[in-house]
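Trainee: This is the structure, below, for whatever I ask next.
Every number here is computed from the coordinates shown, using simple stated rules; none is lab data. Model, not experiment: these values are computed from the prediction. Note: ideal-geometry Cβ built from the backbone for every residue, glycine included; neighbour counts use all protein chains shown.
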């Protein structure tokens, strides 16, 4: 660290040349960076995506967009006309590939006559040739509508699927693949339906993803501006000098530019998750180091040191701490590279690179600027610093912790074990409705569909057969599969080709075969493809979360394989995007937690090697594991599950908590090198470093708390857990770490980290 210190103190021109050499290439690369929210396909393995797409292409039943229509009575002439007009308008749109609604349900006879249960009253389209075209009176039309209503509310293809049991909710299932056109689809329907008192809302997977991306874009700039404003105002209060704020923040900002620019140049910028989260992560880690650096320079300047000597000593004292914090944080994120998910592995890889580049930015740029005309007026006398005075008065905390070190340590271990045992009960879970604002139209429509029509997500059992399988055998397999689904409480009524035929008078298998061949292709193709020797059984799923559905899906997969084993030449498979997402989310969370444990052991090992003391590594465990255990227990107490965002927050907060511990340990070591007792070293470190820890924690907690204003529930949960962890880490470092150092002082004065700091003190 001496060389970097000399660049800042004695060879400033050479230092700026080094900064320029590191800056020019990434600045050129930064101009090519494009930001976008990660999509579901980025998380799901390619083989699973291909299986879902294959099923969707084979069968036309696919509804990523759902229009939810609500009215007290749909079966009135003007409202039926309006719905039929809306359907015609939507089907004419280029972005709509297919649309299914209750007006498509036919009646078929053995003679081949096909009629629709719902009479065609639309003025926008001609009546089919097979339907009656004359209606004598308005009463006849109303009577026909009432008959159609009675049939539709009892029809297995419509009841609790396309229309609610009470007839007050009607669904239009739309297959579209452009999120940008959802607003146009909604507007086209509202224009026709709203004047007649028909409430129209949009939901479905594609609509929810579009809402997620739109909300993310809207919140991104707002939260960033709010966060920067809060952090700036709070920093002004704490530092009392705007230039100190600038010096603490400029290093991390340039670190973000360096990281994104270099990643673009080396071809590692295709990880969308990294481009969204990495800038925030780097700012949090880098700003902590920058504040410690600036605070130490201010303290030295207040003691009467020259700008050069203050910068040199600050780099030698704080620089090793920043190096260790960056190293441990990089190790923590580097452990993610062992994940089977390329998204997670790539995130860990680029995060480790970003942390290293941000460290270089902080230890080079901040000291260089502090040794220039900018840093000459940034110091404040300690007699005028309210926080320094507060820490002097709060010395009783470290005195108490030192005097009752054994009792405080036992209390800390007990709290950690209790919270850890509670956190172990957290269940990995994820719901699509938890990713979007709960006051949105899409969320409300989704919850409404869950309650009245069994949900808008599908579970499919795909049946494949060989040429040797007869139609009766196939019908038997489908029947057994539907009976199996009927035993599951978490799924709605199943629909198959047998369901389509069950409403017709077809007593024999031959009659059923005739009817199956005469069904309209747009209906039969949704469940039966004899050309591909494939059929599917479809049932609806509510958005209850993967924790509830995963056991059912595993049990269902085992049972359908048993059915397939009993019928040679038949293959059955359970297909559901929920099953795929559930497996991927659980796997990702498990890998994140394993990486967190691995990183913890590596970090504590690095600290033991760096300080040449196994005792130091063991001492650092409690103040860093305790905050994570506390935040996990709090999450359980408030009834929240363990999602990807919360799992990531554990890793991020561990890195920040370790950073504070390292800064405290290094300054304690410095005090011990000056031949002070463990108690004196604790008191001086508490006053000097404690103020810096409070400053960084307050600023970062306030900045992170602004994220809680987001309309995105995952972001709110992430921020809440982060704030709780940061506060718990501060309390652990100020209460429990002094007790541990008093109880096990060791021989930190002989550590390797601070040897160069001793030389720096002699130099000045």
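Trainee: Please compute the modelled spin-label separation between residue 490 and residue 196, points set 7 Å along Cα→Cβ, answer in nm with one decimal.
Mentor: It works out to 3.9 nm between the two label points.
Trainee: Let me ask something else about it. Given a Förster radius of 56 Å and the C-beta distance between residue 531 and residue 24 as r, what FRET efficiency does 1/(1 + (r/R0)^6) yield to the nearest 0.05?
Mentor: Numbers: r = 61 Å, r/R0 = 1.09.
It comes to 0.35.
Trainee: Now a separate question. Say R0 is 60 Å: what FRET efficiency, to the nearest 0.05, do residue 187 and residue 373 get from their beta-carbon distance? Walk me through the intermediate numbers first.
Mentor: Values: r = 58 Å, r/R0 = 0.97.
Efficiency, rounded to the nearest 0.05: 0.55.
Trainee: At residue 396 and residue 78, where each label point lies 7 Å from the Cα along Cα→Cβ, what is the point-to-point distance in nanometres?
Mentor: 7.7 nm
Trainee: Which value in nm describes the separation of the simple spin-label points at residue 598 and residue 417, placed 7 Å from the Cα toward the beta carbon?
Mentor: 2.9 nm
Trainee: Give, in nm to one decimal, the length gained when the segment between residue 731 and residue 573 is fully stretched (0.36 nm per residue of separation minus the Cα-Cα distance).
Mentor: On the way: separation 158, 0.36 × 158 = 56.88 nm, distance 5.28 nm.
Answer, rounded to one decimal: 51.6 nm.
Trainee: Now for a separate question. For 664, 228, what's the fewest-to-most ordering of other Cβ within 10 Å of each Cβ? Present the calculation step by step, with values, prior to reporting the outcome.
Mentor: Values: 664 26, 228 14.
Placing the least packed residue first, the sequence is 228, 664.
Trainee: Apply 1/(1 + (r/R0)^6) to the Cβ-Cβ distance of residue 558 and residue 590, taking R0 = 25 Å, and write down the FRET efficiency to the nearest 0.05.
Mentor: Working: r = 22 Å, r/R0 = 0.86.
My answer for the efficiency is 0.70.
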